[in-house]
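The values are calculated or read from the model by the stated rules, or taken from the named source; none is laboratory data. Given the structure is predicted, the values throughout are model-derived calculations rather than measurements. Note that each Cβ is placed from the backbone with ideal geometry, even for glycine, and that neighbours are counted across all protein chains shown. Note: areas computed on protein heavy atoms with side chains; ligands, DNA, RNA excluded. Shrake-Rupley method; radii C 1.70, N 1.55, O 1.52, S 1.80 Å.
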Amino acid sequence: MMEEAKRNLKREKKEEREEGKRGEGEKQEEREEGKKKEEREEGKGGEGKKKEERGGGKRKKRQKKEEREEGKERRKRKEKKGTGEKERRKRKEKKGRRKREGKKGREEEERRKRKEKKGRREKERRKRKEKKGRGEKGRRKRKEEKGREEKEREEGKRGEGKKKVEREEGKKKEEREEGKKKEERGGKERRKRKQKKGREEKEREKERRREGRRRKEEKGNKGRMGKGMTTVAARLEPVTPLTIKTRKVLKGHQGKVLCSDWCSDKRHIVSSSQDGKMIIWDAFTTNKEHAVTMPTTWVMACAYSPTGSMVACGGLDNKVTVYPLSLDEDVTQKKKAVGTHTSYMSCCTFPYSDQQILTGSGDSTCALWDVESGMMLQSFHGHQGDVMALDLAPSETGNTFVSGGCDKMALIWDMRTGQCVQSFEGHESDINSVKFYPSGDAIATGSDDATCRLFDLRADREVAVYTKESIIFGVNSVDFSVSGRLLFAGYNDYTVNVWDTLKCHRLTILYGHENRVSCLKMSPDGTAISTGSWDFTLRIWS
């Protein structure tokens, strides 16, 4: 209220000042007009006086007009003052109304808040009462339960006491009866007991003999094939000393070499690497004929087609991609994505023709694809872990292949039905490589458990293990010589071990790589071996 009164006083003072200024302006105008009249009278002679007399009427008219205008202006000012006062009164009234309304609204809000507080307090009181009631009910229930439990315990104790007395009486009666019976039976019971003991002992002896026979039969079944191989191998002449040396070193990859494969022309090699490149090599001259950059690193698998006119590769991109080879055009222009897995592609191969491709993947499956249409022709489900390696049976009429994976199993598949025909177990860790024996009657496997094993398909069992106590590193790749007498295995200790397949003896060790040997392939004619390593190089041995 005080602030509004001050503002009203300021406005009134301003209006008074403006009115004073207007009155001073009117006085100045009257003075100027008087001065003009005096000058006219003094400066002009008789003629001037006559003109003034003539123009006197006009001046009077003008003065009257001016007086009328001044009167009008004064009236307007008075009206303005009146309107200003009315506006001030209205403003004061509005302010008063607002103050009254604000006070009323505040009072109403305070009343509402008080009501809400009262309601909350009443609710809290009700809740407390309810809690107290519940607590009392719970106490009553607990007391009742305790009383029931105590009663039950007392009754149980009484019942147990009665039962004990009855049991003791029954035992005494039984003992008396048994004593009487024993006296009556006497030696008959003793004889029967002895007879029973003898029978039980005989039965136990029979069971022991049966178990011994079973164990002997199992041991004999396990060792039959191994003994047969060793006995047959003992009659064979030993393998002549081998002189295998490094003949060529292929340098060009900028990452770990992961996979390689020979072309059917016995001259070209395809290799894939961690650097994301696939290179076509001339093994005779060590020249690079093609270098293909893949969209991802870790190109884990590559393979030549049977005709040598195309190569396939794949890896962490989950795809198998085919590249037709030609010297005239860029290889990447005609590339074609054939199939896609749900995890990385670990291995691939062409089954007997350029029209189909077989792949293994980290999604625990194998798949057969049509190269032209990209359609999946058959899928193979059976592994419980990542599929790491594939190999086709040597005979084209067999329509079978073997796969090995991280579930420590090697499985034989029928490509026509998609079913698993045989399964072999025995390894203690992941299987990294599988290879068919040249005759197609057996398979070799290499594992992280530092062993290679030979499984016979006809006997449906393991027939040989290739290991030594000094070998503690895992096997990454295995392959046979053309005759099948030699088994080559690449290890994580940077070496290649050559084994006598029949005698299970290690014949020699090939040194040369500076990191683990990741892939190993025998040339189609059997005259050379190619090895790839994590030292970024490939080596040709012969």
- Message: At 1.4 Å probe size, with the rest of the protein present, what percent of the exposed accessible area of the chain is carbon and sulfur atoms?
- Response: 44 percent
- Item | Neighbour net charge for VAL299 - beta-carbon separation under 12 angstrom, K R +1, D E -1 | +1
- Query: At what distance in angstrom do the alpha carbon centres of segment 369-427 and segment 110-161 lie from each other?
  - Reply: 71 Å
- With segment 389-430 reduced to its Cα atoms and the Debye formula applied, log10 I(q)/I(0) at q = 0.25 1/Å amounts to -0.83
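Going by the alpha-carbon gyration tensor, a ≥ b ≥ c the square roots of its eigenvalues, is segment 442-490 rounded (a/c under 1.5) or, if a/c is not under 1.5, prolate (a/b greater than b/c) versus oblate?
Values: a/c = 2.11, a/b = 1.38, b/c = 1.53.
Oblate, because a/c is 1.5 or more while a/b does not exceed b/c.
Going by a ≥ b ≥ c, the root eigenvalues of the Cα gyration tensor, does segment 275-404 fall in the rounded group (a/c under 1.5), the prolate group (a/b larger than b/c) or the oblate group? Numbers along the way, then the final one.
Working: a/c = 1.72, a/b = 1.42, b/c = 1.21.
It comes out prolate by the Cα gyration axes.
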- For segment 445-527 the trypsin sites (Lys or Arg not before Pro) that pass both the DSSP coil test and the at-most-13 other-Cβ-within-10 Å test are ARG458, LYS468
- Note on the structure: Here P(r) for segment 82-160, Cα-Cα distances in 10 Å bins, as whole percents, is 15, 16, 13, 12, 11, 10, 8, 6, 5, 3, 2, 0
- Reachable aspartates and glutamates from LYS192, criterion Cα separation under 18 angstrom, eight or more residues apart if same chain: GLU178, GLU183, GLU184, GLU200, GLU201, GLU203
- Residue-normalised accessible area of the chain, given per residue in Å² at a 1.4 Å probe: 68 Å²
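Applying 1/(1 + (r/R0)^6) with R0 = 60 Å to the Cβ-Cβ distance of GLU514 and GLU211, what FRET efficiency is obtained, to the nearest 0.05? Walk me through the numbers before you get to the answer.
Values: r = 54 Å, r/R0 = 0.90.
So the FRET efficiency works out to roughly 0.65.
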- Task: With 5 Å bins from zero, work out the P(r) of segment 225-337 over every alpha carbon pair and list the percent per bin.
- Result: 2, 11, 19, 19, 14, 7, 5, 7, 7, 6, 2, 0
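Given 25 °C and 0.890 mPa s, compute D for segment 391-542 with the Stokes-Einstein relation, Rh being the Kirkwood radius over Cα pairs; round to the nearest whole µm²/s. Provide the component values of the computation, followed by the final result.
On the way: Rh = 15.5 Å.
Stokes-Einstein gives a translational diffusion coefficient of 159 µm²/s.
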- Using only helices, what value at 222 nm comes out for the chain when you add -39,500 (n - 2.57) per DSSP H run of length 4 or more and divide by the total residues, to the nearest 500 deg cm²/dmol? -16500 deg cm²/dmol
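State whether segment 267-311 is rounded, prolate or oblate according to the following rule on the C-alpha gyration tensor (a ≥ b ≥ c being the square roots of its eigenvalues): a/c under 1.5 gives rounded; otherwise a/b larger than b/c gives prolate, and the remaining case gives oblate. Working shown, then result.
On the way: a/c = 2.30, a/b = 1.43, b/c = 1.60.
The shape class here is oblate.
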- Taking a Cβ-Cβ separation under 4.7 Å as the criterion for a possible partner, which cysteines of the chain have none? CYS259, CYS263, CYS347, CYS348, CYS366, CYS406, CYS420, CYS452, CYS504, CYS519
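Percent of Cα-Cα pairs more than 46 Å apart in the chain, please.
58 percent
Order these peptides, 238-246, 429-437, by their mean beta-carbon neighbour count within 10 angstrom, highest first. Please report the intermediate quantities before stating the final value.
Values: 238-246: 11.1, 429-437: 22.4.
Per-residue mean Cβ counts within 10 Å order the peptides as 429-437, 238-246.
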